[in-house]
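S.K.: First the structure, which I've put down as structure tokens, then a few questions once you've had a look.
The values are calculated or read from the model by the stated rules, or taken from the named source; none is laboratory data. What you are looking at is a predicted structure, and each value in this text was computed from that prediction instead of being measured. Note that we place each Cβ from the backbone using ideal geometry, even for glycine, and neighbour counts take in every protein chain shown. Surface accessibility is based on the protein's heavy atoms, side chains included, excluding ligands, DNA and RNA. Shrake-Rupley method; radii C 1.70, N 1.55, O 1.52, S 1.80 Å.
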Amino acid sequence: MTPPTALRRASHPSFSPREFRACLGMFATGVTIVTARKPDGELIGLTANSFNSVSLEPPLVLWSLAQAAGSMPALSTGSHYAINILAADQKELAERFAAKREGRWEGVAWTEGASGSPLLAGAAATFECFNRSRYEEGDHVIFVGEVERCSHRAGAAPLLFHGGRFYTEHPL
């Protein structure tokens with residue numbers, strides 16, 4: 001019988017952080033922009049590809065954010081956020097919200113979700129989430145959102161990210 005997980009520890013990594021990052025980049029992901037609104041009305045938005053489903057009942061999704069991110073205080077204390085899955089023609093938005101820059105919301109088309117979070121026009125899908133729980137792991141925080149509303153654009157091709165580059169879907 002193996003001992004409980006709490007008594008075991010991982011061995012020291014046999015790879016560099018650079019090699020780890022390169023290996024992670026081999027997993028193709030979709031691209032999202034997580035959006036929210038601060039109590040003062042300021043809009044928050046950031047590109048994330050760490051999105052995943054968790055549960056159908058209740059409807060739960062997760063994503064993660066670096067603890068050092070400037071938006072961490074607002075996202076960890078706010079009650080709601082939206083996850084916008086980007087469509088293939090939204091590469092410019094992904095790059096805009098991935099960079100630290102002023103005016104990232106200028107000229108961006110969006111509507112206000114039921115909880116006040118911005119829903120990006122043209123997104124392949126949107127999830128409006130209650131900020132259900134957070135887990136600190138390593139240098140990131142894992143956010144679990146309980147989905148209150150969702151919608152999708154039928155037939156929309158997703159924006160994909162692999163090996164440090166953006167791609168569109170190509171059926172096999």
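S.K.: Run residue 138 past the list (1) without any contact (Cβ under 8 Å) to a residue 60 or more places away in the chain; (2) over 23 Å from residue 39 (Cα atoms); (3) open to solvent by 90 Å² or more (accessible area, probe 1.4 Å) and report the number of the one that doesn't hold.
M.R.: Going through (1) without any contact (Cβ under 8 Å) to a residue 60 or more places away in the chain; (2) over 23 Å from residue 39 (Cα atoms); (3) open to solvent by 90 Å² or more (accessible area, probe 1.4 Å) one by one, residue 138 breaks only (3).
S.K.: Right, another one. Which one is least open to solvent (accessible area, probe 1.4 Å) among residues in segment 15-37 that are at pLDDT below 95 and in a loop (DSSP other than H, G, I, E, B)?
M.R.: Filtering first and then ranking leaves 25.
S.K.: What do you reckon, is residue 95 out of contact with any Asp or Glu (no Cβ under 7 Å at 6 or more places or on another chain), farther than 17 Å from residue 50 by Cα and among the acidic types (Asp, Glu)? Working first, answer last.
M.R.: Working: out of contact with any Asp or Glu (no Cβ under 7 Å at 6 or more places or on another chain): yes; farther than 17 Å from residue 50 by Cα: no; among the acidic types (Asp, Glu): yes.
When the stated conditions are applied, residue 95 does not pass them.
S.K.: Looking at segment 60-87, which of its residues are among the small types (Gly, Ala, Ser) and in contact (Cβ under 8 Å) with a residue 40 or more places away in the chain? If you could, list the steps in order and put the result at the bottom.
M.R.: Of the residues in segment 60-87, the ones among the small types (Gly, Ala, Ser) are 64, 66, 68-71, 74, 76, 78-79, 82, 87.
Hits for segment 60-87 are 64, 66, 68, 76, 78, 79, 82, 87.
S.K.: Residue 70 fails exactly one of the following numbered conditions: (1) open to solvent by less than 30 Å² (accessible area, probe 1.4 Å); (2) assigned to a loop (DSSP other than H, G, I, E, B). What is the number of that condition?
M.R.: With (1) open to solvent by less than 30 Å² (accessible area, probe 1.4 Å); (2) assigned to a loop (DSSP other than H, G, I, E, B) applied to residue 70, the lone miss is (1).
S.K.: Take the residues in segment 146-172 that are among the small types (Gly, Ala, Ser) and more than 22 Å from residue 60 (Cα to Cα); name whichever of them is farthest from the chain's Cα centre (by Cα).
M.R.: Residues of segment 146-172 that are among the small types (Gly, Ala, Ser), as a first pass: 151, 154-157, 163-164.
Restricting the remaining residues to those that are more than 22 Å from residue 60 (Cα to Cα) gives 155-157, 163-164.
On the way: 155: 22, 156: 19, 157: 18, 163: 18, 164: 16 Å.
Here the answer is 155.
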